[in-house]
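Have a look at the structure below before the remarks.
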Amino acid sequence: MREFNYTIKSQVGIHLRPAAELTAVAERFDSRVRITKEDVTMNGKSVMSVISLCVKQGDEVTITVEGKDEDLACNALQDFFESRL
């Protein structure tokens with residue numbers, strides 16, 4: 001299992017478009033992807049789950065990746081967060 005924390009820098013947080021892009025990255029991998037805000041954890045491969053977290057600028061999220069390709073998935077997700085959020 002791998003995980004990382006990220007503080008959202010985007011002024012608009014995670015709305016529909018970045019949520020769809022995030023889940024598209026996550027879906028490329030077999031590993032399970034979870035996103036946690038405060039004490040609520042959701043499926044990182046579900047657009048509706050990601051949106052329901054209501055992540056705004058300044059919020060810290062934890063991304064947890066678990067599975068056979070977790071290293072590749074975690075690296076791709078970290079790159080996504082750093083470049084888009």
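The values are calculated or read from the model by the stated rules, or taken from the named source; none is laboratory data. Predicted, not measured: the structure shown is a model, and the values here were computed from it. These area figures cover heavy atoms from the full protein model, side chains too; ligands, DNA and RNA do not enter into them. Shrake-Rupley method; radii C 1.70, N 1.55, O 1.52, S 1.80 Å.
Normalised by the number of residues in the chain, the average gap of Cα pairs under 8 Å and 6 or more apart makes the relative contact order 45 percent. Surface analysis of the chain yields an accessible area of 57 Å² per residue, using protein heavy atoms and a 1.4 Å probe. Just the C-alpha atoms of segment 11-73: what Rg/Rh do they give, with Rh taken as the Kirkwood radius? Result: Rg/Rh = 0.96.
Backbone amide hydrogens, once placed in the peptide plane, bring Thr41 within less than 5 Å of nothing, excluding anything fewer than 5 places away on its chain. Compared with the dominant principal axis of the Cα atoms in the chain, helix 16-27 is inclined by about 10°. For the chain, carbon and sulfur atoms together expose 47% of the accessible surface, with a 1.4 angstrom probe and every protein chain in place. On full extension, the segment bounded by Lys68 and Arg28 gains 13.1 nm, given 0.36 nm per residue less the C-alpha separation.
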